[in-house]
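Some notes on the structure that comes next.
The values are calculated or read from the model by the stated rules, or taken from the named source; none is laboratory data. The structure presented is a predicted model; accordingly, all values stated were derived computationally and were not measured. Heads up, the Cβs are rebuilt from the backbone with ideal geometry, glycines too, and the neighbour counts pull from every protein chain shown. Just the protein is used for accessible areas: all its heavy atoms, side chains included, with ligands, DNA and RNA removed. Shrake-Rupley method; radii C 1.70, N 1.55, O 1.52, S 1.80 Å.
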Amino acid sequence: MRRFLWAAATIAVAQLAAAENADDYRGGWRTGSGEAHTYEFSIRGTTVRGIYCTYCADAATLAFVDGSFGADGIEFVVTHVNVDGSTAFTDEAVARFSAGRLNVRGTSGAPGGGRFERVLIKDPRGPDPIPVPVSVLPPTGRPWQRMWLGFGVGAPKQFFIIKKVGDRLRGMVCGTCDNPYTMAALDDFRIQGDTLRFNILHEDWGDGPIPTFEKHVTAHIGWNEMRATTAADHLPAPPPRPVTPGFVPGFSLQGPIAIEATAGNVWPEWPPQGTSSPR
């Protein structure tokens, strides 16, 4: 009888683990109303990395997620950092997917913080349109450490935020910064001479045939410009372009903007209206 009960329990645990699908969790989530809270989870095997922010265009609110994925969802720590990269405080939380929503429960280490519970949703707008086919989950629909502004105008313009976390760099890209579909964590930073390399952790949408991949970025800084090129392992290399005077491949980011200078980039309502590009 003992052997039978042990076997039954083992099967039940295995079935529960199998039922948990990383695709249910990965990518961006935000609160549907009330206080603004946004999480972006990158999941590779059982390792979870990512970002947390409130009003994500305010770089001071950007914090970083580290945790593990398993049969009980995601157990994770959110590290909030000071300008010098030291830890200000941490939050400990558990996220569990249920009926299309993500329930996050935890304890905040902020001054005056305590236990919290948040219900998060996928943004119903989906990603902003771009002129190439995209894939989406779910299928239905130093000088470096600063903020850099990229292509686009108004709310959809690209914000690249890079912060020091201990002895490493981490960050996020967003635009619009109220829609978790249009943001991703930046990680795996490497500085080699005057070259910065890092990865954009695409999770629940991306250009090309699959939504989950890492886009490799190579960047150089000159004066107030960060010139970057990207490549993804699952996409073919672009065909060679004809030589055009003045043409430089990649894209350009303008900056740097001090993290503190973005304080106050907030919306008077949550979720804000009319910020995404029309579809």
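Brief remarks follow.
- Looking across the stretch 70-93, the residues that are modelled with pLDDT of 95 or more and open to solvent by 60 Å² or more (accessible area, probe 1.4 Å) come down to Glu75, Asn82, Thr87, Glu92.
- Tally of residues being assigned to a strand (DSSP E or B), within 26 Å of Arg26 (Cβ to Cβ) and not basic (Lys, Arg) across the stretch 186-232: 24
- Within the stretch 112-167, tally of residues that are among the aliphatic types (A, V, I, L, M), under 24 Å from Phe64 (Cβ atoms) and at pLDDT 85 or above: 8
- Exactly one residue out of Gly106, Gly100, Gly45, Gly67 is small (Gly, Ala, Ser), surrounded by 15 or more Cβ atoms within 10 Å (Cβ to Cβ) and either modelled with pLDDT under 95 or out of contact with any Ser or Thr (no Cβ under 9 Å at 6 or more places or on another chain) (or both): that is Gly106.
- Residue satisfying all of: in the stretch 184-215; hydrophobic (A, V, I, L, M, F, W, C) and open to solvent by 10 Å² or more (accessible area, probe 1.4 Å); nearest to Gln158 (Cα to Cα) among these: Ile200
- Residue, nearest to the chain's Cα centre (by Cα), within the stretch 87-109, restricted to residues that are of a type in the set (Gly, Ala, Ser) and farther than 13 Å from Ala63 by Cβ: Ala95
- Filtered residue count, the stretch 216-238, keeping only those that are open to solvent by less than 50 Å² (accessible area, probe 1.4 Å) and in contact with a strand residue (DSSP E or B) (Cβ under 6 Å, 6 or more places away or on another chain): 6
- Qualifying residue in the stretch 239-261 (condition: among the polar types (S, T, N, Q), open to solvent by 60 Å² or more (accessible area, probe 1.4 Å) and assigned to a loop (DSSP other than H, G, I, E, B)): yes
- Filtering the stretch 55-85 to residues that are over 15 Å from Thr107 (Cα atoms) and among the aromatic types (Phe, Trp, Tyr) leaves Tyr55, Phe64, Phe69.
- Of all residues in the stretch 92-112, those that are within 16 Å of Ala22 (Cβ to Cβ) have Cβ atoms under 7 Å from Cβ atoms of residues that are modelled with pLDDT of 95 or more and among the small types (Gly, Ala, Ser), 6 or more apart or on another chain, in Val94/Gly73; Val94/Gly106; Ala95/Gly73; Arg96/Gly73; Phe97/Gly73; Leu102/Ala95.
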